Amino acid sequence: MRFTNKRWQPRHVKFEVTKERLTDAAGLGTLMEIFDKSPLSEGFKKCLPVRTHSRSHGSYRLGLTQLSSFLYGHDSIDDLKEFQTDPALEAIMRGETVAPRTMGDFLRDFDETHIKALNEYLTKMGWAIRGHLSEVLPEGKRPASAIHASIDTTFHEQSGKKMEGLAYNYDKKWGLDSQVVYDELGLSYGFQLRQGDVGNNVGSSEMIEQIFEGKKFADEKYLSGDSAFCNQECIRTCLRLGVKFTFTAHDGWTSWRSHIPEIDDWESWSWSKEELAAFERRKQTPPQIEQGRFLWYPNWAEGKIVLNVVVKRTWVTEGQDQGLFNEESAGGYWDHYGVVTNISLYWNTKQEVIQRPRPFYLAIITEETMQPLYKNPSFVHQKYVVEGLSIREIACEIFSSKEAVRNALRRFEIPIRESHMPHNGRISCPSYGTKLRSGRASPHVAEQQMIETIKDLRAQGLTLRKVAKILTNMGVPTKKRGKSWHPEMVKRILERVNRTN
C-alpha cells in the first residue's frame, strides 16, 4: 500500500465535447481504469476470496464490478442488470459484465478474514491517498497536517425480501446499520456493516484503534462523534493513542446537565463578518448564544482522568420549537448542547472546540447540533421540490445512498415522483414508449407499437418470461438499447400502461 520512491501520477485525462449519446455509466470506465493502474489495486486484489472454478469470473474483475456498482448508486445486486448492456463497461471489464447471481455467489465467499483485510486495506488506502494529496496538490489546497476525522453510524431501512443480515432496530425499523470513519476530505478509513439491532457504539473502539494505531502518540490527530461514542471504551482508546476527541456529551454517562448550574463563566458567541453579513441579508438578528465549561471526573477512572465538558446554550424565545432539555425562564428558555473533550482550552477557545472541522458535505451545522443533510427537511424540500433534482442527483451531491434520501422524503411526507415524471419541468428518464424532445416527453412510435404487441401476447395467455424471450429472439432493443429482455421489464411496462389508462 505504500507509494514507491518514484511518485505515481495518473495519466492525464483528456475531456472532449461530443454530441454522441453517452450511456448512464459514462465516466465509470475511466475511474476504474485509473484505480486499476494505480498502486492501490494490488492491495485490493489481496483482500478478495479466490475463485477456483474454471468457468467463474476472476475475483479481481468481480471486485471491480462491485466497485462500479457502488459508484453508480445501485441499491442491490439485481441492479447489475443495468450494466449488462453497457458497451463502455464491457470494454473496461473486457467482456460482458456479470449476472446478479454470480455476484451473489462471490459476495458469499467473503468470510471474517476477507472483511478484516478489506477494512485494513481501506485504512491504509485512506492514509495513502491523504499523504499523496499532501505531496501533489499546490500550496493552499493541501489537506491539513493534522487529520480531522469523524465517526458515525447510520441505519439503512430496507424492504427487500431476499436480503441477509437484517434486523429490527430500537425504532422498530427493519434494516442494516453501518459504522464509518471519514476525514474532512471525505476519505473513508474504516467501515462496518452490521445487523440493524446492533448498538451504535459496538465495535467503535476497535475501529478507532485500527485507524490510529500506526500513528505516533505525539502526532496531532482529531476525532469527533455523536453521543453514542461518549463512553468509557472510546474515550480510553483515544487517550491511549493520543487522539484529541470531541464527543457530544451523553447525559447517561456524564450527568452533564446536572453540572450546568456550576458554570459561572458564560461567554458570548463570536460571529464572523461573513456570518453577520448573511444574517443582515436575511434580515435576521443573530441568536443569543453563550458558551461555558466545567471539569468532568469520570467515576470509572478513579480520579486519574479529568476532561472538559464545553457547553453551548442558545436562547429560544416563546413560540419557537420546544427543545427537549431546556431551562425554563420568563419569555423563553436556554437550550443546551455539550461536548466532552480532551482538547486543551489553553491553546483553543471553547467555540473552536465546539466547531471542530467536519466533512462539509456530510453534515450541516444547526444551532443545536449536527445532522446528515438528508435529515434536514428544508434541505430535502429545497433540492427535491424547488430545484427539482432526482433522488439519485441528491444522493450524489451529499455522498449518501438513494435509499436514505428516499426514506427522508417519506418521513417528511414529500410526494415521491415516479422515475418517468417531470423533474421541475424536465424528464430525467423517459419511460418505454416515450422519447425526449427539448427536455419534454413525446411519443416514441416504434416503442408504442411494441407495447401493443406486448399487450397482445399477454392477452393470449403467455407468461411474462415467455413474452420476454420472444422479444429477445425478435431482436427488439430495450429502452437502454440492450439485446436481452427480462420478465421484470415486461411487467413494469404493462403496469405503467395500466396506470396511465
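The values are calculated or read from the model by the stated rules, or taken from the named source; none is laboratory data. Keep in mind it's a predicted model, so treat the numbers as computed, not measured. Glycine gets a Cβ as well: all are built from the backbone with ideal geometry, and neighbour counts include every protein chain shown. Accessible surface areas use protein heavy atoms only, side chains included; no ligands, DNA or RNA. Shrake-Rupley method; radii C 1.70, N 1.55, O 1.52, S 1.80 Å.
Worth a mention:
- Loop-located GluC sites (Glu not before Pro) in region 111-154 (DSSP state not H, G, I, E or B) with no more than 15 neighbouring Cβ atoms inside 10 Å: GLU139.
- A probe of 1.4 angstrom, applied to the heavy atoms of all protein chains, finds PHE70 with accessible area near 140 square angstrom.
- Under 20 Å from LYS312, Cα to Cα: lysines that are on another chain or at least 8 residues apart: LYS244, LYS350
- Point-to-point label distance, TRP315-SER442, nm (Cα→Cβ direction, 7 Å offset): 6.2
- Solvent-accessible ranking of LYS375, LYS402, LYS479, largest area first, probe 1.4 Å: LYS375, LYS479, LYS402
- For region 172-293: rounded, prolate or oblate by the Cα gyration tensor [a/c cutoff 1.5]: prolate
- 3J(HN,Hα) from dihedral phi, region 29-34, Karplus parametrisation 6.51/-1.76/1.60, rounded to Hz, x for glycine, proline: x, 5, 4, 5, 5, 4
- Amide hydrogen neighbours beyond the local backbone of HIS250, cut-off 5 Å, H modeled: none
- Label-to-label distance, nm, for residues given as GLU452 and ALA218 (7 Å Cα→Cβ offset): 8.3
- In this label model, SER255 and ALA278 are separated by 3.8 nm, measuring between points 7 Å along each Cα→Cβ vector.
- The H on the amide N of ALA167, modeled in the peptide plane, is under 5 Å from the matching H of GLY175, GLY196, ASP197, each at least 5 residues off or on a different chain.
- Taking GluC sites (Glu not before Pro) across region 165-250, the ones in a DSSP loop with at most 14 further Cβ atoms lying within 10 angstrom of their Cβ are GLU213, GLU220.
- Long-range HN-HN contacts of THR434 with modeled amide H, under 5 Å: HIS444
- Cleavage-rule hits, trypsin sites (Lys or Arg not before Pro), region 248-315, DSSP coil, Cβ neighbours within 10 Å at most 11: ARG282, LYS283, LYS304
- Chain lengthening between VAL476 and VAL306 when straightened (0.36 nm per residue, less Cα-Cα): 54.0 nm
- In this calculation the C-beta distance from THR30 to ALA117 is compared with R0 = 25 Å, giving a FRET efficiency of 0.40.
- Note on ASP105: accessible area is roughly 70 Å² with a 1.4 Å probe, heavy atoms of protein only.
- Subset of LYS435/LYS455; LYS46/LYS172; LYS46/LYS215 violating a 30 Å alpha-carbon distance limit: LYS46/LYS172
- Between ILE416 and LYS491, the contour length at 0.36 nm per residue exceeds the alpha carbon distance by 24.9 nm.
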